[in-house]
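Report on one structure; see the data block that follows.
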Amino acid sequence: MADLKSTFSNFYYVLKDELLHDPAFEFSDDARQWVDRMLDYNVPGGKLNRGLSVIDSYRLLKEGQALNDDEIFLASALGWCIEWLQAYFLVLDDIMDNSHTRRGQPCWFRVPEVEFQTASGQMIDLITTLQGGKDLSKYTLTLHRRIVQYKTAYYSFYLPVACALLMAGENLENHVDVKNILVEMGTYFQVQDDYLDCFGDPDTIGKIGTDIEDFKCSWLVAKALELSNEQQKKVLYDNYGNADPENVAKVKALYNELNLKSAFEEYESKSYEKLVTSIEAHPSKAVQAVLKSFLAKIYKRQK
């Protein structure tokens, strides 16, 4: 896996160089340097799980056959397309959340001498003025599930495997069951993310969680609303979505009062059992191996 990651990482520089010197863009030297810096700052710094999963999944689908150099490069190129997409989503996410850190360093829009800050600031100002749109009563586990399926599950889990299946000559219409399992896995992954945003160690996860301040439809708040009595709901309505540390502390205290850590552990255990059962029911051992490799990467993760 270490060799695979090293090979995959090296292809980033090949692809970046092709992009920076593509005559279609007509970059000036200054523009090329700026794009170069922007890409290095945002694209390769994560865990690379999505990109690596394309190669890993394709290799497992080949059932032990060695990949040739062309196959490794093509799978890597597809993987880096997903990582590029992920970087784009994270930059936007940080702007919308008014975040401070990402992957242990300042968010891109907060880096000095970046013209993007002006547009970002305008966007943040627009978002934070939409206070009238806040309605906590809409935040249900059903709504949360619908949001995360489209926000995370499809591109983070199904897309890498879909790329690998297409490379292997498969028709995606024959693999709807694989899509359903991966979307379910992606939903579980996002619930983990919501949990870690509140209860995770910022040094471990590489960012400071702001879901409470940002009025996010998090699994934690949806579950809290489901479990709360009227008095506890009032605490959420009065404090959720307020950036003042005292308000945030009251929400976290209620989460502890409702024992959401145990609720999450129960959810995690049931999700894992359901996923394992679904995976083991799949007729192809190669596809099973792909799905199990995904699940192994995320089960009980801390970051």
| task | Take the chain, connect every pair of alpha-carbon atoms lying under 10 Å apart with a spring to form a Gaussian network, then pick out the residue of LEU48, LEU15, LEU260 with the largest mean-square fluctuation. | result | LEU15
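Where does the chain land at 222 nm, in deg cm²/dmol rounded to the nearest 500, when only DSSP H runs of n ≥ 4 count, each adding -39500 (n - 2.57), divided by all residues? Please list the in-between numbers first.
Details: 14 runs with 200 residues, N = 303.
After summing the helix terms and dividing by residue count, I get -21500 deg cm²/dmol.
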| request: Taking the Cα centre of the chain as origin, work out the dipole magnitude from +1 charges on Lys and Arg Cβ and -1 charges on Asp and Glu Cβ, in debye rounded to 20. | output: 980 debye
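Accessible area, 1.4 Å probe, largest first: how do MET185, MET38, MET96 sort? The partial results should precede the final answer.
On the way: MET185 0, MET38 50, MET96 95 Å².
The ordering from most to least exposed comes out as MET96, MET38, MET185.
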| Within-10-Å neighbourhood charge of SER218 [Cβ basis; K, R +1; D, E -1] | -3
| query | In whole Hz, what ³J(HN,Hα) sequence does segment 254-270 give by Karplus (6.51, -1.76, 1.60; θ = phi - 60°), x for Gly and Pro? | reply | 5, 4, 5, 4, 7, 6, 5, 4, 5, 4, 5, 4, 5, 4, 4, 5, 5
| Length added when fully stretched, ALA24-TYR237, from 0.36 nm per residue minus Cα-Cα | 71.5 nm
| Considering every pair of different Cα atoms, what Kirkwood radius, in Å, is found for segment 158-295? | 17.1 Å
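For SER293, what is the net charge nearby, where nearby means another residue's Cβ is under 12 Å from its Cβ and Lys, Arg count +1, Asp, Glu -1?
Working: positive: ARG59, LYS292, LYS297; negative: ASP56.
After counting each charged neighbour, the total is +2.
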| task | Please state, to two decimals, what the Cα-based radius of gyration of the chain comes to when divided by 2.2 N^0.38 Å (N = residues). | result | 1.09
| query | Taking H as built 1.01 Å from N, whose amide H comes closer than 5 Å to the amide H of ARG102, not counting residues under 5 places away? | reply | CYS107
| said: Probe of 1.4 angstrom, ligands and nucleic acids ignored: what's the accessible area per residue over segment 176-258, in square angstrom? | reply: 44 Å²
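Once fully extended, how much extra length lies between ALA31 and ARG301, figured as 0.36 nm per residue of separation less the alpha-carbon to alpha-carbon distance? Don't skip to the end; give the middle numbers.
On the way: separation 270, 0.36 × 270 = 97.20 nm, distance 3.90 nm.
Computed gain between ALA31 and ARG301 is 93.3 nm.
Over the chain, with every protein chain in place, what whole percent of the accessible area is carbon and sulfur at 1.4 Å, could you tell me?
Values: 8430 of 16010 Å².
Exposed carbon and sulfur together represent 53 percent of the surface.
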| task | Evaluate segment 218-302: find the radius of gyration of its Cα atoms, find its Kirkwood radius, and give the ratio Rg to Rh. | result | 1.18
| Distance in nm between pseudo-label sites at LEU67 and ARG103 (7 Å out along the Cβ direction from Cα) | 2.0 nm
| field | Under Karplus coefficients 6.51, -1.76 and 1.60, residue-wise ³J(HN,Hα) of segment 294-303 in Hz, glycine/proline x | value | 5, 4, 4, 6, 10, 4, 6, 5, 10, 8
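Around PHE199, under 10 Å between beta carbons, what's the net of Lys plus Arg minus Asp minus Glu among the other residues? Don't skip to the answer; put the middle values down first.
On the way: positive: LYS252, LYS261; negative: ASP194, ASP197, ASP201.
Counting the neighbours of PHE199, the net charge comes to -1.
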| remark: With Cα springs under 10 Å, the Gaussian network model of the chain assigns the largest mean-square fluctuation among ARG146, ARG102, ARG37 to ARG37
| field | Highest-MSF residue in the chain out of PRO23, PRO106, PRO160 [GNM, Cα springs under 10 Å] | value | PRO23
| In the full protein assembly as shown, how much of LYS303 is accessible to a 1.4 Å probe, in Å² to the nearest 10? | 110 Å²
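The values are calculated or read from the model by the stated rules, or taken from the named source; none is laboratory data. In this text the structure is predicted, and so the values were computed from the model without any measurement. Every residue, glycine as well, gets a Cβ built from its backbone with ideal geometry; the counts of neighbours run over all protein chains shown. Protein only, heavy atoms only, side chains kept; ligands, DNA and RNA dropped before computing areas. Shrake-Rupley method; radii C 1.70, N 1.55, O 1.52, S 1.80 Å.
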